[in-house]
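Take a look at the following structure, please.
The values are calculated or read from the model by the stated rules, or taken from the named source; none is laboratory data. Since we're looking at a predicted model, the values are computed, not measured. Heads up, the Cβs are rebuilt from the backbone with ideal geometry, glycines too, and the neighbour counts pull from every protein chain shown. SASA here: full protein model, heavy atoms, side chains in, ligands and nucleic acids out. Shrake-Rupley method; radii C 1.70, N 1.55, O 1.52, S 1.80 Å.
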Amino acid sequence: MHVRLQDVTKRFGGIAANDAITVSFQSGKIHTLLGENGAGKTTLVRILAGLLNPDAGSISIDGHPVSIDSPKHAIALGIALVSQHPMIAGHLTVLENIIAARAGGQRTIIKMKALRGEVEQIAADCGFKLDLDAKAQSISLGAQKQLEIVRTLLSGARLIIFDEPTDVLTPAESDAFFVLIRRLADQGKAIVMITHFLREAIAHSQAITILKRGRLVASVVPAETTPAQLAELMVGVLPSIVAATEETPGRVRKTVLEVDNVSVEEDRRQIVRRVSLTVSEGEIVGIAGVAGNGQEDLIEAIVGLRQATEGRITIDGTHVGFGETRKLIRDDRIGYVPPDRHRDGLAGVMSVADNLSFEVLERRGMSRFGLRRFQASARHASRLIERYRIQPPRPETAAEKLSGGNQQKLILARVLDRNPRLLIVCNPSRGLDVGATAWVWDSVRRVRNENGAVLLLSGDLDEIRSLSDRILVFFRGSVSGELSPDEASSERLGLLMGGAGGEHAA
Amino acid sequence: MPLSSYFPAFTWPAFAGNRRVGFAVLPLAGIAAALATTAILVWIAGANPLAAASTIVDGAFGNTYATGVTLVKATTLLLAGLAVGVAYRAGLVNIGAEGQLQMGAAASAASAIYLQPIVSGSLLTLISLFAGFIAGAIWSGIAGFCRAFFKSNELVTTILLNYIALAFVSVLVSGPMAASSATFRESERIPASVQLPKLIAGIPLHAGFIIALLSALLVGLFFSRTTLGFVLQVVRFNPFAARSQGWSINRMIVLAMLLAGGFAGLAGSVEVLGVHGRLIDGFSPGYGYLAIGVSFLALHNSIAMIPSAVFFGAGITGMSYLQRSLQVPSSTMFAAQGVLIMFVAAGTALAVQRARQSAG
């Protein structure tokens with residue numbers, strides 16, 4: 001299969017998200033698209049997947065011109081997109097979600113047994129251990145990604161596009177993923193991958209195309225390049241990352257957060273088991289772990305969104321309990337960046353200004369007697385947009401029209417701007433490019449350096465290692481190990497995250 | 001040769017692809033389709049659709065009295081429409097305006113009749129209106145509470161509560177509240193001093209019309225200006241985001257339903273205090289259901305509901321005039337109403353879907 005895009009252009013309100021892009025994708029090759037947030041990578045693959053219609057340009061498959069006007073048509077042509085955020089029906093089982101790829105066809109009666117066998121075969125070929133009868137919403141993000149891959153293969157795709165596939169995966173899962181797509185490529189599939197991880201791009205792909213502000217700026221051969229070169233092509237000059245640690249020795253650091261023997265239950269199952277931890281002023285405590293091992297639930301208990309079934313949580317010595325979230329936010333005692341920004345962060349159809357006002361809605365000046373003050377809200381929005389360089393700088397834009405990176409900036413902006421006593425950030429740089437990641441890391445470090453207490457939860461080990469002063473690893477609801485960043489090699493973290501770290505722990 | 005080659009400007013894809021046009025046109029297209037279907041129904045019933053159309057307009061707006069009647073219907077429809085719209089803008093589907101309106105009417109009538117020894121005059125009118133609001137609020141609040149704490153679908157519970165309310169009012173006027181001399185199932189008459197005053201002598205338009213307009217305005221302000229209205233909209237657009245902001249979704253659901261039902265209760269109150277002067281079995285020809293159409297046609301915008309309610313009100317008065325003058329059976333009218341709601345809801349739903357698609 002040889003898919004060629006010729007001079008493909010797509011504009012949104014005068015801005016060219018794709019400007020005369022010409023690129024080909026071939027069977028047997030893993031082709032990586034690189035670029036900053038908003039460079040037009042997602043737009044390009046959405047055009048391929050039939051989700052967007054290009055304004056100009058042409059697409060051909062094996063020399064025959066095609067017009068991909070709907071996702072259905074794309075699938076019929078053998079093109080499938082595995083998007084960044086899992087597209088699943090949460091209430092259906094894993095199997096039902098997978099066979100949805102086929103059930104949409106002509107058959108009126110679904111041959112469950114036969115399909116089940118086929119699905120099991122594909123999953124086994126890929127080395128996935130999927131519980132086909134679990135509800136799709138109850139499985140981890142990593143497993144949801146596996147679900148989508150199996151679904152894609154079942155639909156008979158020949159060109160498979162992965163939008164930031166490894167974002168939600170653990171190191172081990174990522175490695176397995178790359179082995180898998182290599183095998184798929186060898187079987188004759190064409191693979192297109194969008195990623196922010198430069199090393200991944202170099203290590204695993206056969207072609208790299210770099211986009212910048214909607215234009216194709218370079219096509220490089222991975223073997224002949226370095227991460228630094230790629231970063232420079234993407235953003236121009238690489239931003240310097242500053243202030244890793246600024247130690248002020250001899251200070252007495254007060255404990256801000258104290259979690260004492262806390263357990264959390266869901267459906268009468270213990271998902272957090274007697275966890276204790278502390279976070280003091282001027283330190284970043286990192287929590288590493290495979291998504292779904294209870295760390296998110298512990299965080300929710302800390303911010304008051306979940307009931308702790310036992311134990312005690314205090315912030316600055318005061319007990320905090322279930323249902324107090326709003327009070328904690330209002331009093332600037334916590335700032336909370338949730339793990340899944342797409343789901344928990346924004347009301348997409350509402351404006352950027354409205355979304356920026358979430359946390360300060362009741363603040364004096366922003367509202368009076370329950371009435372909102374629009375001028376104050378507009379000023380607040382403009383200030384944050386400018387200070388945190390949110391693009392496009394228009395407060396009235398619907399938040400869902402922002403690129404993923406700018407959505408993340410929006411959420412971070414409204415939290416960081418409040419200078420909360422305890423900052424809880426989850427996956428702060430997920431989906432961000434090199435430049436934006438540097439900015440986010442700097443911001444988090446600045447909070448620490450200004451004596452703030454930070455609890456960081458991240459699935460990205462680089463992030464955990466670069467930012468944390470102490471690292472706690474979560475496995476099956478409890479802390480499986482505590483490390484300093486120096487001791488925390490990928491291997492060691494990986495072992496602890498897989499629960500095999502017991503014998504290594506000192 | 002396709003039509004578009006003669007009229008290049010009117011190619012369907014271009015037309016449907018234009019977000020702005022699509023958004024405004026689809027609800028109107030819904031009305032057009034409904035009117036066309038109604039015309040067919042009228043024709044089947046043996047009347048000339050064109051003559052029928054002019055008869056309807058004549059019946060609804062032909063003279064000041066007819067216009068007054070239309071606005072009286074619009075008053076009730078507007079208040080009931082707010083009950084649908086307020087719930088919808090908080091992400092809830094309230095099909096229970098009918099029941100909430102019945103309960104509001106019952107509470108309003110009961111307080112106006114039984115509190116007479118204690119208070120009288122316009123103070124009692126206010127108490128009675130308040131009682132109507134509260135009763136409607138409680139009735140929908142039940143559905144809100146069940147949704148929030150037992151996860152029962154409010155669409156289903158509100159419908160079920162309608163039947164209970166209707167039966168409850170029937171029971172009230174057949175026994176406990178029945179007028180001693182009545183041949184119909186109705187309550188004692190509420191003294192004129194407690195009823196809502198007429199705005200213009202000789203025309204049935206009553207002060208409830210002002211209440212309804214003010215309510216629409218207040219609801220508009222509530223959603224655009226208040227922090228609470230803002231939070232309700234966040235709950236609608238993304239309950240997960242609302243949750244992680246620490247806004248209690250359950251509380252918001254109950255609150256939105258209470259507020260919504262309150263307006264439907266008021267709709268019942270103005271029927272009792274402004275139109276009938278008593279509680280009558282079957283006083284509502286399905287206002288609570290028509291209210292769904294009122295709200296959808298206005299895309300749930302409370303100010304746009306004012307003309308929408310007048311439109312539906314004109315439908316009722318115009319069609320009943322049609323029935324009297326051209327002998328078109330009343331069932332045609334109910335069929336036409338149903339068709340209208342269906343098309344309008346489909347049109348607006350399509351418009352919203354299209355807007356969302358082009359946003360994505």
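Just give me the residues in the stretch A:285-317 being within 13 Å of chain B (Cβ to nearest Cβ), under 23 Å from A:R465 (Cβ atoms) and not hydrophobic (A, V, I, L, M, F, W, C), in sequence order.
A:E296
Collect the residues in the stretch A:318-339 that are more than 8 Å from chain B (Cβ to nearest Cβ), touching a residue at least 40 places away in the same chain (Cβ under 8 Å) and either open to solvent by 60 Å² or more (accessible area, probe 1.4 Å) or of a type outside the set (G, A, S) (or both), keeping them in residue-number order.
Hits for the stretch A:318-339 are A:D332, A:R333, A:I334, A:V337, A:P339.
Six or more apart or on different chains, Cβ under 9 Å: which pairs go from a residue in the stretch B:321-335 that's among the basic types (K, R) to one that's at pLDDT 85 or above and not in a loop (DSSP other than H, G, I, E, B)? Could you list them?
B:R324/B:G59
Answer yes if at least one residue in the stretch A:162-169 is of a type in the set (F, W, Y) and free of Cβ contacts under 8 Å to residues at least 60 places away in the same chain, and no otherwise.
No; the residues of the stretch A:162-169 include none that is of a type in the set (F, W, Y) and free of Cβ contacts under 8 Å to residues at least 60 places away in the same chain.
Now, a different point. Suppose the filter is outside the structural domain of A:V259 (by TED's automatic domain parsing) and closer than 29 Å to A:A17 by Cα; does A:R394 pass it?
Answer is yes for this residue.
Continuing with the same structure: Report yes if B:S193 is assigned to a loop (DSSP other than H, G, I, E, B), among the small types (G, A, S), more than 8 Å from chain A (Cβ to nearest Cβ) and touching a residue at least 40 places away in the same chain (Cβ under 8 Å), otherwise no.
Answer is yes for this residue.
Given the criteria open to solvent by 10 Å² or more (accessible area, probe 1.4 Å), within 14 Å of chain A (Cβ to nearest Cβ), on the phi > 0 side of the Ramachandran plot and small (G, A, S), does B:G282 qualify?
Here the answer is no, as B:G282 does not meet what is asked.
For a quick check of your reading: which strands (runs of 3 or more DSSP E) sit entirely within the stretch A:164-229 and have at least 1 residues that are charged (D, E, K, R) and farther than 12 Å from A:K29 by Cβ?
Filter on the stretch A:164-229 gives A:207-212, A:215-220.
Out of all the residues in the stretch B:288-301, is one or more touching an Asp or Glu at 6+ places or on another chain (Cβ under 7 Å), away from chain A (no Cβ under 14 Å) and among the hydrophobic types (A, V, I, L, M, F, W, C)?
No, because not a single residue in the stretch B:288-301 is touching an Asp or Glu at 6+ places or on another chain (Cβ under 7 Å), away from chain A (no Cβ under 14 Å) and among the hydrophobic types (A, V, I, L, M, F, W, C).
Under 7 Å between Cβ atoms, at least 6 apart or on separate chains: pull out the pairs that start in the stretch A:170-191 with a residue that is within 21 Å of A:T209 (Cα to Cα) and end on any residue that is part of a strand (DSSP E or B) and of a type in the set (S, T, N, Q).
A:A190/A:Q26
Now, a different point. Looking only at the stretch A:344-397, which residues are open to solvent by 10 Å² or more (accessible area, probe 1.4 Å), of a type in the set (F, W, Y) and over 21 Å from the mean Cα position of the chain (by Cα)?
Hits for the stretch A:344-397 are A:F369, A:F374.
Does the stretch A:16-71 hold any residues that are touching a strand residue (DSSP E or B) at 6+ places or on another chain (Cβ under 8 Å), among the charged types (D, E, K, R) and over 20 Å from A:G405 (Cα atoms), and which are they?
A:D19, A:K29, A:D55, A:D62, listed by residue number.
Taking the stretch B:167-176, which residues are of a type outside the set (G, A, S), open to solvent by less than 40 Å² (accessible area, probe 1.4 Å) and more than 17 Å from B:G265 (Cβ to Cβ)?
B:V173, the sole residue that qualifies.
I'd like to check which helices (runs of 4 or more DSSP H) are fully inside the stretch A:312-369 and have at least 1 residues that are touching a Cys at 6+ places or on another chain (Cβ under 9 Å).
Passing ranges, in order: A:341-344.
In the stretch A:8-55, how many residues are in a strand (DSSP E or B) and away from chain B (no Cβ under 14 Å)?
Result for the stretch A:8-55: 19.
Scan the stretch B:141-159 and give yes if some residue there is in contact (Cβ under 8 Å) with a residue 24 or more places away in the chain, touching a Leu at 6+ places or on another chain (Cβ under 7 Å) and of a type in the set (A, V, I, L, M, F, W, C), otherwise no.
Checking the stretch B:141-159: at least one residue is in contact (Cβ under 8 Å) with a residue 24 or more places away in the chain, touching a Leu at 6+ places or on another chain (Cβ under 7 Å) and of a type in the set (A, V, I, L, M, F, W, C).
Would you check which residues across the stretch B:58-115 are β-branched (V, I, T) and over 26 Å from B:F230 (Cβ atoms) and list them?
Matches in the stretch B:58-115: B:T64, B:T67, B:V69, B:T70, B:V72, B:T75, B:T76, B:I113.
Cβ-Cβ under 8 Å, sequence separation 6+ or interchain: first residue in the stretch A:355-377 and within 8 Å of chain B (Cβ to nearest Cβ), partner open to solvent by 30 Å² or more (accessible area, probe 1.4 Å). Which pairs?
So the pair list comes out as A:E362/A:R330; A:S367/A:R373; A:G370/B:L228; A:L371/B:R225; A:R372/B:R225.
Determine, yes or no, whether A:I299 is closer than 22 Å to A:L472 by Cα, outside any helix (DSSP H, G or I) and either touching a residue at least 12 places away in the same chain (Cβ under 8 Å) or open to solvent by less than 60 Å² (accessible area, probe 1.4 Å) (or both).
no
Still on this structure, please answer the following. Please verify whether the stretch A:449-465 includes one or more residues that are among the β-branched types (V, I, T), away from chain B (no Cβ under 14 Å), buried (at least 22 other Cβ atoms within 10 Å of the Cβ) and in contact (Cβ under 8 Å) with a residue 12 or more places away in the chain.
yes
Could you list all residues from the stretch B:221-245 that are at the interface with chain A (Cβ under 7 Å from one of its Cβ atoms), farther than 15 Å from A:R372 by Cβ and open to solvent by 50 Å² or more (accessible area, probe 1.4 Å)?
Answer for the stretch B:221-245, where residues must be at the interface with chain A (Cβ under 7 Å from one of its Cβ atoms), farther than 15 Å from A:R372 by Cβ and open to solvent by 50 Å² or more (accessible area, probe 1.4 Å): B:F237, B:F240, B:R243.
How many residues are at pLDDT 85 or above and small (G, A, S) if we restrict to the stretch A:133-154?
2
Among B:L214, B:L218, which is the only one that is within 14 Å of chain A (Cβ to nearest Cβ), open to solvent by 80 Å² or more (accessible area, probe 1.4 Å) and more than 30 Å from A:P338 (Cβ to Cβ)?
Step by step, each of B:L214, B:L218 is checked, and only B:L218 is within 14 Å of chain A (Cβ to nearest Cβ), open to solvent by 80 Å² or more (accessible area, probe 1.4 Å) and more than 30 Å from A:P338 (Cβ to Cβ).
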